[in-house]
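This report concerns only the one structure given below.
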Amino acid sequence: MGAIREAIAHLPADVSSDAHGVQAPTLEELFAPPSHSAALDPAASVVQGARGAGKSFWAGVLAKRPLRTAAATAYPRLGLDRTEVEFGFTGLPGPEGLDREKLDSILPERTDASSARIFWWATVLRALERACGREKSLRELLPIAEDVEARERLIEHSSRELKNQVLLVVYDALDTVASSWPRRRMLTQALLEVVWAMRAWKTIRPKVFVRPDQLEDDALLFVELPKIRTGAVRLTWSGADLYGLLFSRLALGEARKSFFALLRALGLPTATREEILARRWQLATSEDSQRELMKALAGRYMASGPHGYKKGDTYDWPLKHLADALNEVTPRSFLGLAIGASTFGDPPPNRVFTPDGIRHGLRRASKTRVDQLHQEFPWIKGVLAPLAGLLLPQEEAVVFKAWKRAGTVQRAIKDAAAKGYLPPFARGDDEDEPALFAAMQRIGVMSRRDDGRLDMPDLFRVAAKLLKKGGTAPI
């Protein structure tokens, strides 16, 4: 068990990925849940997923041929081995990507929606030219993108050069396109209009990875938007997917020998990389087999003794306590809990995790999740801080009073303006405590119970130092 514990403890602490660059996904990290087939399908133009759900990971897998070939093994019906992929936007600089600085240099701050659509068409043309072996800059392609007939001639000509291959143009990290609500909405809407228009071509398909709150923004005004939203695929992870991911990392990692010895002792099957990728390994998909293995790693319940079952099952407990208010668990949080649990205390020789270690893992995952959420929503820590010490669930009047007493709304607006990031509410929207709660609700940080009281999932509550009867104590 020591080698397995050591291997989990040394999984990368920062389990985030970028579409390319230093943190691009690797072949060793590739795990393919069955439900993600729809997200990778070239026919699915819009894929929405929360932070940490794997949007940038899959964008990176699609872009690299060796990883795309491996993914084709997992999803053979998608034809990924006959697909070319180029980036449209990645939020990163460099020859492969396109970030906000480059976007701003081409598309000035006060530009209009028409210019934004031309810009996005230029990213499509640049991807086409690259797929055909030609390198042209966005500035060179802007005049062609603006001229509808010239643009369509180039698309038709380049499409013929692709022969029987499909070109996928991937857009990722779209929350980074702007630091103000009006500009982000204008750019998002312009891109979605181009995505809708691209349905005219079978051989060139857009693949847009976007956060749900950005896609569901009520201020987006585009007549075909409901159809795009309806057709969007949601990138989610089931409990079996998350345990399959953890166990596949062990099966392909340095503790493979010890891990396989444990599996044989339990009468469970081992697997090769190909069998894992092709989902022919029952520990990647079977909840019953995963429960049996988790029982060996951590014991069955979260407490010992005849009443230990009352504290919950060690298999279910992490999934229940890592879920956000939208009931989604991300692999980043799940692996974070496993890493934290494996580094806590001194478990018995026949265990990898202890119940206290799993609770410690939740605290670590909670802190990491709030820190990462802060990168995306820089106002979040300032909004959570006044709530520290409150007992949940709580009447909304008590929560709103805590925010009002601390001047939270005004501070959030002022800080966002001073530091140049998006505040919790756009200009023109209500700017008060109920609107702040609604913003928290949209991103899955808070929820309202059936009896009207406000609540917060443990994933955020623990790091934010709020209390709950019988719940894991804050950090």
Original post:
If you check 237, 201, 196, 181, which single one turns out to be of a type in the set (Phe, Trp, Tyr), open to solvent by 10 Å² or more (accessible area, probe 1.4 Å) and closer than 30 Å to residue 31 by Cβ?
Top reply: 237
**OP:** Output the qualifying pairs, or none if there are none: Cβ atoms under 6 angstrom, residues six or more apart or on different chains, first residue in segment 100-120 and modelled with pLDDT of 95 or more, second residue of a type outside the set (Lys, Arg) and open to solvent by 60 Å² or more (accessible area, probe 1.4 Å).
**Re:** 118/146
Original post:
What are the pairs, 6+ residues apart or on separate chains, where a residue within segment 292-313 that is over 24 Å from residue 240 (Cβ atoms) has its Cβ under 8 Å from a residue that is charged (D, E, K, R) and outside any loop (DSSP other than H, G, I, E, B)?
Top reply: 303/310; 303/311
**OP:** Residue by residue through segment 379-400, note down the ones that are within 22 Å of the chain's Cα centre (by Cα) and either surrounded by fewer than 18 Cβ atoms within 10 Å (Cβ to Cβ) or among the basic types (Lys, Arg) (or both).
**Re:** 381
Original post:
For residue 279, which of the numbered conditions (1) crowded, with 16+ Cβ neighbours inside 10 Å; (2) out of contact with any strand residue (DSSP E or B) (no Cβ under 8 Å at 6 or more places or on another chain); (3) assigned to a helix (DSSP H, G or I) fails to hold?
Top reply: (3)
**OP:** Kindly indicate the residue of segment 257-276 that is assigned to a helix (DSSP H, G or I) and free of Cβ contacts under 8 Å to residues at least 12 places away in the same chain and also most open to solvent (accessible area, probe 1.4 Å) among those meeting that condition.
**Re:** 264
**OP:** Given the conditions (1) open to solvent by less than 20 Å² (accessible area, probe 1.4 Å); (2) in contact with a Leu (Cβ under 7 Å, 6 or more places away or on another chain), report the number of the one that residue 321 does not fulfil.
**Re:** (1)
**OP:** Could you please find all residues in segment 401-457 being crowded, with 16+ Cβ neighbours inside 10 Å and part of a loop (DSSP other than H, G, I, E, B)?
**Re:** 422, 423, 424, 425, 426, 431, 443, 444, 445, 446, 456, 457
Subject >> Single condition residue 333 does not satisfy, out of (1) open to solvent by less than 30 Å² (accessible area, probe 1.4 Å); (2) under 19 Å from residue 456 (Cβ atoms); (3) more than 19 Å from the chain's Cα centre (by Cα) >> reply: (3)
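Going by the structure shown, is residue 254 part of a loop (DSSP other than H, G, I, E, B), modelled with pLDDT under 95 and open to solvent by less than 50 Å² (accessible area, probe 1.4 Å)?
On the way: part of a loop (DSSP other than H, G, I, E, B): yes; modelled with pLDDT under 95: yes; open to solvent by less than 50 Å² (accessible area, probe 1.4 Å): no.
No: the conditions fail for residue 254.
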**OP:** With respect to residue 223, determine if the residue is under 30 Å from residue 128 (Cβ atoms) and under 27 Å from the mean Cα position of the chain (by Cα).
**Re:** no
Original post:
Of all residues in segment 206-234, which are closer than 16 Å to residue 184 by Cα and open to solvent by 60 Å² or more (accessible area, probe 1.4 Å)?
Top reply: 216, 218, 221
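Just the residues that are of a type in the set (D, E, K, R) and either under 34 Å from the mean Cα position of the chain (by Cα) or within 9 Å of residue 122 (Cβ to Cβ) (or both), please, taken from segment 139-151. Even if it seems obvious, please write down each step before you answer.
Here is the first cut: in segment 139-151, the residues of a type in the set (D, E, K, R) are 139-140, 146-147, 149, 151.
Within segment 139-151, 139, 140, 146, 151 qualify.
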Original post:
Do we have residue 123 as within 19 Å of residue 193 (Cα to Cα), in a loop (DSSP other than H, G, I, E, B) and open to solvent by less than 50 Å² (accessible area, probe 1.4 Å) here?
Top reply: no
**OP:** With respect to residue 303, determine if the residue is under 19 Å from residue 354 (Cβ atoms) and not in a helix (DSSP H, G or I).
**Re:** yes
Subject >> segment 348-376, residues that are surrounded by fewer than 21 Cβ atoms within 10 Å (Cβ to Cβ), in a loop (DSSP other than H, G, I, E, B) and in contact (Cβ under 8 Å) with a residue 60 or more places away in the chain >> reply: 349, 350, 351
**OP:** Of the conditions (1) farther than 23 Å from residue 279 by Cα; (2) over 18 Å from the mean Cα position of the chain (by Cα), residue 325 clears all except one; give me its number.
**Re:** (2)
**OP:** Looking at (1) farther than 23 Å from residue 57 by Cβ; (2) open to solvent by 10 Å² or more (accessible area, probe 1.4 Å); (3) among the hydroxyl-bearing types (Ser, Thr, Tyr), find the lone condition where residue 158 falls short.
**Re:** (2)
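Test residue 386 against the criterion of being without any contact (Cβ under 8 Å) to a residue 60 or more places away in the chain and in a helix (DSSP H, G or I), and give yes or no.
Values: without any contact (Cβ under 8 Å) to a residue 60 or more places away in the chain: yes; in a helix (DSSP H, G or I): yes.
Judged against the criteria, residue 386 is a match.
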**OP:** Can you run down the residue pairs with Cβ atoms below 8 Å, 6 or more apart or on separate chains, where the first is in segment 172-190 and touching a residue at least 12 places away in the same chain (Cβ under 8 Å) and assigned to a helix (DSSP H, G or I) and the partner is open to solvent by 50 Å² or more (accessible area, probe 1.4 Å) and of a type in the set (Lys, Arg)?
**Re:** 176/100; 181/427; 182/427; 190/117
Original post:
Since residue 133 meets every condition but one in (1) part of a helix (DSSP H, G or I); (2) modelled with pLDDT of 90 or more; (3) open to solvent by 50 Å² or more (accessible area, probe 1.4 Å); (4) not acidic (Asp, Glu), which condition does it not meet?
Top reply: (1)
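The values are calculated or read from the model by the stated rules, or taken from the named source; none is laboratory data. Because the structure is predicted, anything quoted here is derived from the model rather than measured. Ideal geometry is used to build each Cβ from the backbone, glycine not excepted, and the neighbour counts take in all protein chains shown. Accessible surface is based on the protein model in full, side chains and every heavy atom, while ligands, DNA and RNA are left aside. Shrake-Rupley method; radii C 1.70, N 1.55, O 1.52, S 1.80 Å.
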